Amino acid sequence: MADYDYDVLVIGAGPGGYVAAIRAAQLGLKTACADGRETLGGTCLNVGCIPSKAMLHASEYFDAAANGAMAKMGIDVSPKLNLPAMHAQRVDAVKGLTAGIEFLFKKNKVDWLKGYAAFTGKDSVEVAGKTYRAKNIIIATGSSVTPLPGVDVDNDKQVIVDSTGALELAKVPGHMVVIGGGVIGLELGSVWRRLGAKVTCVEFLDQILPGMDADIRKDANRIFKKQGIEFKLKTKVTGAVVKGKKAVLTLEPAAGGEAETLEADVVLVSIGRRPNTDGLALDKAGLAVNARGQIETDHDFSTQVPGIWAIGDVIPGPMLAHKAEDEGIACAENIAGQTGIVNHDVIPSVVYTWPEIAGVGLTEEQAKEKGEVKVGKFPMAGNSRAKTNHEPDGFVKIIADAKTDRVLGVWCIASVAGTMIAQAAQAMEFGATSEDIAYTCHAHPTHSEAVKEAAMAVTGKPIHV
Ligand code: FAD
Ligand code: NAD
């Protein structure tokens, strides 16, 4: 340690980096974490998971009051939107949680190096004009918005925005066009639709939510349409012109053909995110990125340069906060000489719309490519709790290996799908069969009983359909 400043220096304080730093410090390693943002927590806490969920949660209440869902339960209300107050509670949530990470850094004696880091060698970085040497360096620099050529984001003007701008709109747009029918487009499109905007979603592919199970994608599309979101599938945006407070978009069929124009008060560009490696001077450390701009690692999160590790959105895999966190813990444990493992086959993903959409493991299409499968499905309309709560939409689907009955994937659309998917992930982590889930006693009345019934349906014997 003699001439090293730290055992571990983490670059980036998002859910990957801050968790890795805390775990490393817990394991007795002298640790620092560099980040140039004003507050810790990375994309997730500052401009991602947390503020988007704050707006989703609040707008869900507004929608329930406005669309008659509350009236169905005997509560007559005429909601009045106080958008500044809604934004204030979002800002409060972010403040509280980011300050919480600062507290945890102090508690665990992690030094926060305030500034952006760049490599000066294989074991050294410069942050805010000072050079630090570390035995181990973890790259956890995350990702940022993928730009769309011809559609220039300017969050200050609030006409063409990215997800950060879309979280902070000062007024409800008359017409919002969302480019990209992925997670961000549907979550933030839902927020503004609930608050009164007309929302049009333009998606390049023939269906929304790529990567999810085909049944889920189809049903989600039906539900969002019913809620009033308009979809233009198989369509690409090729340009945008801002005229005063409006944008005029040029749209073309994905396969080519005649162009059309579409006017919007706000355009949200949400076509994906790309890894952050610019400015890191990776070449000085002897590192390079792959064709997708990611840093490749081994299963233990080591890169090809000994002593340099990478985790989170900057490496291949789904760009999810919980994946980054788990990788942060495993990476720190590996540095400390323990065996840190992340099972990348069992990473749940959740879209926090109404209803929620969640999945873990293989889609039916992927599973069929690997062999014969059995599928069990159960509609939420047959679940007593969902019915009682006036939440008839959605279903649970379980895909199991036809020979071994081992669960390969679980997909659901339900008001609390994000919570329900946890039991599926846990079952899969333990190598459960559909029969294991079917014979596990589930509390009544809960939405989770639909998971049990879907498991029973794998062998054709659900009770409530
Ligand atoms: P990040 O959180 O991106 O953090 C990286 C940090 O590194 C940043 O603070 C950045 O400032 C810093 N940094 C970059 N370069 C340097 C440098 N050279 N020196 C020092 N610091 C540097 N995921 C979910 O699982 N659930 C959700 O509900 C969810 N909602 C989302 C909503 C939105 C609107 C967005 C945009 C994303 C959402 N995500 C969600 C994705 C999630 O935010 C990311 O997967 C997660 O933040 C990745 O964590 P990370 O630690 O790899 O990187
Ligand atoms: P995404 O990859 O989820 O969706 C992007 C969509 O844009 C895709 O459907 C794609 O086909 C479409 N697209 C690409 N180019 C297009 C074009 N030119 N015109 C029209 N459509 C086009 O990306 P995102 O929604 O921007 O989210 C980025 C990342 O952030 C995701 O990887 C996601 O994992 C993460 N995220 C997660 C959550 C969550 O877990 N709830 C929430 C928000 C973001």
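Between the listed residues Leu83, Tyr132, Phe119, the Cα displaced farthest toward the positive end of the dipole of the range 26-139, a dipole computed from Cβ unit charges relative to the Cα centre, is found at Tyr132. Over the chain, Cα pairs under 8 Å with separation of 6+ residues give a relative contact order of 15 percent. Counted over the range 155-271, the DSSP beta bridges are approximately 50% antiparallel.
Ranking Gly257, Leu195, Ile229 by how far each Cα lies toward the positive end of the dipole of the range 155-271 (charges on Cβ) leaves Leu195 at the top. For Lys135, the lysines whose Cα falls under 24 Å of its own Cα, not counting residues fewer than eight places away in the same chain, are Lys30, Lys106, Lys107, Lys109, Lys114, Lys122, Lys284.
Looking at the square roots a ≥ b ≥ c of the eigenvalues of the Cα gyration tensor of the range 349-458, which shape do they give, rounded for a/c under 1.5, prolate if a/b is larger than b/c, or oblate? Prolate, because a/c is 1.5 or more and a/b exceeds b/c.
Of all DSSP beta bridges confined to the chain, the antiparallel ones make up roughly 60%. Take each peptide in 125-136, 191-202, count the other Cβ atoms within 10 Å of every residue, and average; sorted highest first, the result is 191-202, 125-136. Seen through its C-alpha gyration tensor, with square-root eigenvalues sorted a ≥ b ≥ c, the range 1-107 comes out prolate because a/c lies at 1.5 or above while a/b is bigger than b/c. In the range 349-458, the DSSP beta bridges split such that about 100 percent are antiparallel, to the nearest 5. Which shape class, rounded, prolate or oblate, goes with the chain when its Cα gyration tensor gives a ≥ b ≥ c as root eigenvalues, a/c under 1.5 marks rounded, and past that a/b bigger than b/c marks prolate? Oblate is the answer for the chain, as a/c is 1.5 or above yet b/c matches or exceeds a/b. A protection proxy built from the mean count of other Cβ atoms within 10 Å ranks the segments 51-64, 410-423, 145-158, most packed first, as 410-423, 51-64, 145-158.
Rolling a 1.4 Å probe across the protein heavy atoms gives the chain an accessible surface of 45 Å² per residue. By the helix-only formula, in which each DSSP H run with n ≥ 4 contributes -39500 (n - 2.57) and the sum is divided by residues, the chain has a 222 nm mean residue ellipticity of -10000 deg cm²/dmol. Measuring between their Cα centroids, the range 425-442 and the range 144-163 lie 44 Å from each other. Amide H contacts of Val267 (H built 1.01 Å from N, in plane; Pro and chain starts excluded): Ile160, Val161, Val177 sit under 5 Å, all sequence-distant by 5 or more or on other chains.
For the chain, the Cβ-based charge dipole about the Cα centre amounts to some 900 debye (Lys, Arg positive; Asp, Glu negative; other atoms uncharged).
Subtracting the Cα-Cα distance of Glu168 and Lys243 from their residue separation scaled by 0.36 nm leaves 24.9 nm.
Across Cys441, Cys49, Cys44, the residue with the most accessible area heads the list, and the full order at a 1.4 Å probe is Cys441, Cys49, Cys44. Its Cα centre serving as origin, the range 349-458 has a Cβ charge dipole (Lys and Arg +1, Asp and Glu -1) of approximately 120 debye. The modelled label-to-label distance for the pair Phe204/Thr261, using points 7 Å beyond Cα in the direction of Cβ, is 2.5 nm. Simple rule: put +1 on each Lys or Arg Cβ and -1 on each Asp or Glu Cβ in the chain, find the dipole, and look at Leu186, Val360, Gly460; the Cα lying farthest toward the positive end is Leu186.
Put a plus charge on the Cβ of each Lys and Arg, a minus charge on the Cβ of each Asp and Glu, and nothing anywhere else: the dipole of the range 155-271 about its Cα centre is then about 380 debye. With all protein chains in place and a 1.4 Å probe, the accessible surface of the range 62-146 carries 58 percent carbon and sulfur.
Here the contact order of the range 349-458, divided by its residue count and restricted to Cα pairs under 8 Å and six or more residues apart, works out to 33 percent.
Evaluate the distance, in nm, between pseudo-label points positioned 7 Å from the Cα of Lys368 and of Ala422 along their respective Cα→Cβ axes. It is 3.3 nm.
Expressed as a fraction of 2.2 N^0.38 Å, the value expected for a compact globular protein of N residues, the C-alpha radius of gyration of the range 155-271 is 1.00.
All other residues whose Cβ lies under 11 angstrom from that of Gly142 are scored, Lys and Arg at +1 and Asp and Glu at -1, for a net of +1.
For the range 155-271, the carbon plus sulfur part of the accessible surface works out to 51%, probe radius 1.4 Å. Expressed as a whole percentage, what fraction of the accessible surface of the range 349-458 belongs to carbon and sulfur atoms when a 1.4 Å probe is rolled over the protein heavy atoms? Carbon plus sulfur share of accessible area: 52 percent. Over what distance in Å are the Cα centres of the range 96-140 and the range 347-402 separated? The range 96-140 and the range 347-402 have Cα centres spaced 41 Å from each other.
The values are calculated or read from the model by the stated rules, or taken from the named source; none is laboratory data. Predicted model only: the values in this text are computed from it and were never measured. When we count neighbours, we look across all protein chains shown, and the Cβ atoms used for this are built from the backbone with ideal geometry, even at glycine. Each accessible area value is taken on the protein alone, full model and side chains, heavy atoms only, with ligands, DNA and RNA left out. Shrake-Rupley method; radii C 1.70, N 1.55, O 1.52, S 1.80 Å.
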